[in-house]
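The block underneath contains the structure these notes are about, expressed in structure tokens.
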């Protein structure tokens, strides 16, 4: 039976050169077709929906899922999850179904919550620069400033040139671990504490954290290009070229083999070290916020889909929930790309996954367990993966929150973003923080949005 799955992505090989397609076709007696849109995915999908040209299974964003469910377009899976979709529910974990809950009913197949709780990010420092300057990995905010200034002023690469910066990255995430040192989340994040919804803007410690960041900025310890909001590839290139020695970054964007090789070609002594959450000022500190309200993927079916196509899609996702199906869409073909050794998957060689770089496109149920998957795919990065997996995080809930009808959240976020930068750079005095909150709450309606968020999250049961 032909089955079409539509999603965003790239890198899909031709059908006759796709071993994952071949394996699924043979196992399930189907002819699966992946239709991949590399850009403007949501508008492409919307056009197909408007023309009643809907696929058998398709990827949706959380917001899109809620809208389509309320419009009656998506197939209600509630009864199926209680019966024939039990394998999927067991694989995902029942708590993951919260991602696809709309008005008390389930409308999709979410990725597991366990894959959402594993952050890739942490604060990194050039260990070889520390050694050259006789410094230790910073463990307090005071030591962070000392190290950052030394990287700016003391020629940490020893080339005799004034060509290095301190803390780099994008202002949207560069200070995550600093906010975490105060026990709070980055600007505009929502999270629970003692059963109550917290917004970081309303935290008493938020202005204090801003004062530290402003001092860091005005001392010259922060890269001036932080405020440009540049993408990760730009920051990584700075790291590869040896221009920065401190940054909040993803291990997958910094220490994969190909990036380490590029850095070693320029300086074979390059060493990046992960930094644990700082000691204080808060009694409990964190390595930033990890939003657990945004699944990596949701796939859904149209309400208009008929039998036997519904049963065939169910057969596919139930198979992907088995160890065999899950391994296929994570590691490829057993005996070709990986083997099972002592009950665990192990890649056969360093080139085992070269021909299945697209395998993630078939992960309609996400992947589980995430840390194991990453360890198999990237064994040389296991220590970095283990590190990020064990750091204390604030569990963010923003992804669970819908946008109330008629509310312009983008305008509120834009205003908050602009004022946050002004506070950090000293363009706006911190004495005006209460005025900022008043304008955010009234002119931009953020107080009403906060109340909406509290009610919605209480209904979902995620504040406990």
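The values are calculated or read from the model by the stated rules, or taken from the named source; none is laboratory data. These numbers come from a predicted model, not from an experiment. FYI the Cβ positions are ideal-geometry reconstructions off the backbone, even for glycines, and counts take in every protein chain you see.
Strands (runs of 3 or more DSSP E) wholly in region 295-403 with at least 1 residues that are over 23 Å from the mean Cα position of the chain (by Cα), assigned by TED's automatic domain parsing to the domain that holds residue 107 and farther than 29 Å from residue 188 by Cβ - which ones?
Because the criterion is at least 1 residues that are over 23 Å from the mean Cα position of the chain (by Cα), assigned by TED's automatic domain parsing to the domain that holds residue 107 and farther than 29 Å from residue 188 by Cβ, the strands (runs of 3 or more DSSP E) in region 295-403 that meet it are 338-341, 344-347.
Before we move on, is residue 216 over 27 Å from residue 266 (Cβ atoms), in contact with a strand residue (DSSP E or B) (Cβ under 6 Å, 6 or more places away or on another chain) and either in a helix (DSSP H, G or I) or not assigned by TED's automatic domain parsing to the domain that holds residue 232 (or both)? Steps first, please.
Values: over 27 Å from residue 266 (Cβ atoms): yes; in contact with a strand residue (DSSP E or B) (Cβ under 6 Å, 6 or more places away or on another chain): yes; either in a helix (DSSP H, G or I) or not assigned by TED's automatic domain parsing to the domain that holds residue 232 (or both): yes.
Answer is yes for this residue.
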I'm trying to understand the selection: among the residues of region 236-245, which are in a helix (DSSP H, G or I) and crowded, with 22+ Cβ neighbours inside 10 Å? 239
Residue satisfying condition, being in contact (Cβ under 8 Å) with a residue 40 or more places away in the chain and either under 21 Å from residue 419 (Cβ atoms) or in the same structural domain as residue 254 (by TED's automatic domain parsing) (or both), within set 192, 221, 209, 181: 221
Check off (1) in a loop (DSSP other than H, G, I, E, B); (2) at pLDDT 95 or above; (3) closer than 18 Å to residue 267 by Cβ for residue 158 and give me the number that stays unchecked. (2)
Hits in region 274-299 (condition: on the phi > 0 side of the Ramachandran plot and surrounded by fewer than 23 Cβ atoms within 10 Å (Cβ to Cβ)): 280
Output the residues belonging to region 50-72 that are within 25 Å of residue 31 (Cα to Cα) and surrounded by fewer than 17 Cβ atoms within 10 Å (Cβ to Cβ). 51, 52, 53
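Condition check ((1) in a helix (DSSP H, G or I); (2) in contact with a helix residue (DSSP H, G or I) (Cβ under 9 Å, 6 or more places away or on another chain); (3) farther than 25 Å from residue 324 by Cβ) across all residues:
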{"residue": "4", "(1), (2), (3)": "no, no, no"}
{"residue": "11", "(1), (2), (3)": "no, yes, no"}
{"residue": "21", "(1), (2), (3)": "yes, yes, no"}
{"residue": "36", "(1), (2), (3)": "no, yes, no"}
{"residue": "44", "(1), (2), (3)": "yes, no, yes"}
{"residue": "98", "(1), (2), (3)": "yes, yes, yes"}
Filter result (in contact with a helix residue (DSSP H, G or I) (Cβ under 8 Å, 6 or more places away or on another chain) and outside any strand (DSSP E or B)) within region 118-134: 118, 119, 120, 129, 130, 133
Do you know which of the residues in region 10-24 that are surrounded by 16 or more Cβ atoms within 10 Å (Cβ to Cβ) and in contact with a strand residue (DSSP E or B) (Cβ under 8 Å, 6 or more places away or on another chain) is nearest to residue 64 (Cα to Cα)? 12
Within region 218-235, restricting to residues that are under 14 Å from residue 152 (Cβ atoms) and crowded, with 21+ Cβ neighbours inside 10 Å, the one that is farthest from the chain's Cα centre (by Cα) is 221
Could you run through region 171-202 and say how many residues are in a loop (DSSP other than H, G, I, E, B) and more than 19 Å from residue 277 (Cα to Cα)? 3
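Kindly check whether there is at least one residue in region 408-430 that is farther than 28 Å from residue 222 by Cα and in a helix (DSSP H, G or I).
Yes, because at least one residue in region 408-430 is farther than 28 Å from residue 222 by Cα and in a helix (DSSP H, G or I).
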If I ask for residues that are modelled with pLDDT of 95 or more and surrounded by 15 or more Cβ atoms within 10 Å (Cβ to Cβ), which ones from region 402-412 would you list? 407, 409, 412
Matching residues in region 246-288 - criterion: being over 23 Å from the mean Cα position of the chain (by Cα), within 15 Å of residue 125 (Cβ to Cβ) and outside any loop (DSSP other than H, G, I, E, B): 263
Just wondering, is there one or more residues in region 444-462 that are modelled with pLDDT of 95 or more and outside any helix (DSSP H, G or I)? yes
Conditions (1) under 24 Å from the mean Cα position of the chain (by Cα); (2) surrounded by fewer than 21 Cβ atoms within 10 Å (Cβ to Cβ); (3) over 25 Å from residue 292 (Cα atoms); number of the one not met by residue 188: (3)
Would you mind telling me which numbered condition in (1) in contact (Cβ under 8 Å) with a residue 24 or more places away in the chain; (2) on the phi < 0 side of the Ramachandran plot; (3) surrounded by 13 or more Cβ atoms within 10 Å (Cβ to Cβ) residue 340 fails? (1)
